[in-house]
Amino acid sequence: MNIDEAIYGRRSTREYTTEAVDKELIGRLINAAIQAPSAVNQQPWTFTVLRDQALLDRISREAKAYMLEALPSGLHSGHFLSLLNDDSFQIFYHAPMLILISANAPGQWIVEDCSLAAENLMLAAYAEGLGSCWIGFAQGFLNTPQGKNALGLPSEWVPVAPIIVGHPKSTPMPVTHKEPQVCWVG
């Protein structure tokens with residue numbers, strides 16, 4: 001698969017089979033992630049691989065409760081409220097695995113660095129026939145002491161990119177992209 005096929009074909013996947021992703025393949029995804037550029041080549045990323053479904057279910061419940069409490073009421077859309085209040089909604093979409101990319105040291109560009117690694121990981125997953133999705137609902141909770149404790153993360157780590165990965169049940173539909181706004185200077 002060439003880079004254009006990966007970029008134009010990758011979609012956020014929200015339906016997965018229960019088939020596990022083998023450790024060798026997980027290693028290839030992480031190796032692709034660490035090829036990302038980072039500010040001053042600091043490479044501040046760490047990777048936490050979670051495949052325990054009971055723990056994913058627990059974190060989903062706690063993250064939903066956290067989101068409902070933490071977000072200002074004006075930021076709640078009807079759609080988000082219905083999802084977060086739905087006991088059957090699991091924020092990780094029952095994917096067989098979560099790969100959390102965290103920064104392990106303070107720095108001005110750790111979010112950008114970890115985000116670049118996340119995109120590499122998601123493109124590599126697609127090239128391997130896997131689906132992936134960045135789970136924004138998990139971000140805030142995973143950066144709390146309770147969230148870090150649930151995963152055994154050191155308190156100084158900063159969770160940035162919770163990415164679910166697995167074998168997709170079906171191919172997600174293409175999405176329409178807006179025309180880019182381009183400002184030519186000079």
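Any chance you could count how many residues in the range 75-95 are of a type outside the set (A, V, I, L, M), touching a helix residue (DSSP H, G or I) at 6+ places or on another chain (Cβ under 8 Å) and modelled with pLDDT of 95 or more?
Total satisfying the criteria: 4.
Report, ordered by the first and then the second residue, all pairs with beta carbons closer than 6 Å, sequence separation of six or more or different chains, a first member in the range 47-62 that is under 16 Å from residue 86 (Cα atoms), and a second member that is of a type in the set (Gly, Ala, Ser).
59/150
In this structure, does residue 13 turn out to be under 18 Å from residue 140 (Cα atoms) and crowded, with 16+ Cβ neighbours inside 10 Å?
Criteria not met by residue 13.
List the pairs whose first member sits in the range 104-121 and is closer than 21 Å to residue 6 by Cβ, whose second member is among the polar types (S, T, N, Q), and whose Cβ atoms are under 8 Å apart, counting only residues at least 6 apart or on separate chains?
113/38; 113/42; 113/43; 114/102; 116/38; 117/38; 120/35; 121/132
Filter the range 29-56 down to the residues that are in a helix (DSSP H, G or I) and of a type in the set (S, T, N, Q), then identify the one that is farthest from the chain's Cα centre (by Cα).
Filtering the range 29-56 for residues that are in a helix (DSSP H, G or I) and of a type in the set (S, T, N, Q), the one farthest from the chain's Cα centre (by Cα) comes out as 41.
Taking the range 119-143, which residues are part of a loop (DSSP other than H, G, I, E, B) and of a type in the set (A, V, I, L, M)?
Of everything in the range 119-143, those that are part of a loop (DSSP other than H, G, I, E, B) and of a type in the set (A, V, I, L, M) turn out to be 130, 135.
Does the range 73-88 include one or more residues that are under 27 Å from residue 21 (Cα atoms), touching a Leu at 6+ places or on another chain (Cβ under 8 Å) and buried (at least 17 other Cβ atoms within 10 Å of the Cβ)?
Scanning the range 73-88, I find no residue that is under 27 Å from residue 21 (Cα atoms), touching a Leu at 6+ places or on another chain (Cβ under 8 Å) and buried (at least 17 other Cβ atoms within 10 Å of the Cβ), so the answer is no.
If you go through the range 22-53 one residue at a time, how many are among the polar types (S, T, N, Q) and either within 13 Å of residue 123 (Cα to Cα) or loosely packed, with under 12 Cβ neighbours inside 10 Å (or both)?
Qualifying residue count, the range 22-53: 3.
Out of (1) modelled with pLDDT under 95; (2) touching a Gly at 6+ places or on another chain (Cβ under 6 Å); (3) not charged (D, E, K, R), what's the single condition that is false for residue 72?
With (1) modelled with pLDDT under 95; (2) touching a Gly at 6+ places or on another chain (Cβ under 6 Å); (3) not charged (D, E, K, R) applied to residue 72, the lone miss is (2).
For the range 123-153, give me each residue that is more than 25 Å from residue 28 (Cα to Cα), in contact with a strand residue (DSSP E or B) (Cβ under 9 Å, 6 or more places away or on another chain) and surrounded by fewer than 15 Cβ atoms within 10 Å (Cβ to Cβ).
Across the range 123-153, there are no qualifying residues.
If the requirement is being farther than 15 Å from residue 122 by Cα and either in a loop (DSSP other than H, G, I, E, B) or over 15 Å from the mean Cα position of the chain (by Cα) (or both), which of these qualifies: 59, 7, 91?
The unique qualifying residue is 91.
If I ask for residues that are crowded, with 19+ Cβ neighbours inside 10 Å and either β-branched (Val, Ile, Thr) or part of a helix (DSSP H, G or I) (or both), which ones from the range 94-118 would you list?
Within the range 94-118, 99, 101, 110, 113, 114, 116, 117, 118 meet the criteria.
The values are calculated or read from the model by the stated rules, or taken from the named source; none is laboratory data. Just so it is clear, the model here is predicted, and its values are computed rather than measured. Virtual Cβ from ideal backbone geometry, glycine too; neighbours counted across all protein chains shown.
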